[in-house]
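The values are calculated or read from the model by the stated rules, or taken from the named source; none is laboratory data. All of these numbers come straight from a predicted model, not from anything done at the bench. Neighbour counts run over all protein chains shown; Cβ positions are idealised from the backbone, glycine included.
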Amino acid sequence: SSGINAEWPLRPGSVGHEVYADEGWQEIKIGDTIMEFDHRTTRCLITNVNFDGVRTSDTMDTLRKHRPKCEKTKKPLFGSYFSVKQTGSVKPGDKIVLVKSRVA
């Protein structure tokens with residue numbers, strides 16, 4: 001099932017979807033809420049904290065080698081921000097439904 005997962009500290013995201021699946025999402029629906037892709041982010045501060053809760057720069061150093069880079073800043077692209085297009089309720093266990101894909 002596809003639901004929200006905020007337990008994995010490297011990259012909180014969705015359960016039941018491929019890693020980085022959000023990079024191709026334009027519009028999603030969770031519960032009654034519709035969200036639309038806004039922009040990619042070049043940095044996620046949670047990546048500076050390891051599984052023991054210790055801050056480290058090792059993760060970002062590794063990401064710089066393996067993730068696509070922002071053309072403007074040359075920093076690794078790591079996540080996607082979505083804006084609420086239609087408000088509604090979201091409950092634990094609600095599925096993420098892909099409404100529309102975007103062209104990368």
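Determine if region 34-55 includes at least one residue that is surrounded by fewer than 14 Cβ atoms within 10 Å (Cβ to Cβ), hydrophobic (A, V, I, L, M, F, W, C) and either modelled with pLDDT under 75 or in contact with an Asp or Glu (Cβ under 7 Å, 6 or more places away or on another chain) (or both).
Yes, that holds for at least one residue.
What number of residues within region 63-104 satisfy the criterion of being under 18 Å from the mean Cα position of the chain (by Cα) and closer than 15 Å to Thr42 by Cβ?
Matching residues across region 63-104 total 14.
Out of (1) part of a strand (DSSP E or B); (2) modelled with pLDDT under 70; (3) loosely packed, with under 12 Cβ neighbours inside 10 Å; (4) not basic (Lys, Arg), the odd one out for Ser14 is which?
(3)
Restricting the search to region 64-104, which residues are in a loop (DSSP other than H, G, I, E, B), touching a strand residue (DSSP E or B) at 6+ places or on another chain (Cβ under 7 Å), more than 11 Å from Thr33 (Cα to Cα) and among the aliphatic types (A, V, I, L, M)?
The one that is in a loop (DSSP other than H, G, I, E, B), touching a strand residue (DSSP E or B) at 6+ places or on another chain (Cβ under 7 Å), more than 11 Å from Thr33 (Cα to Cα) and among the aliphatic types (A, V, I, L, M): Leu77.
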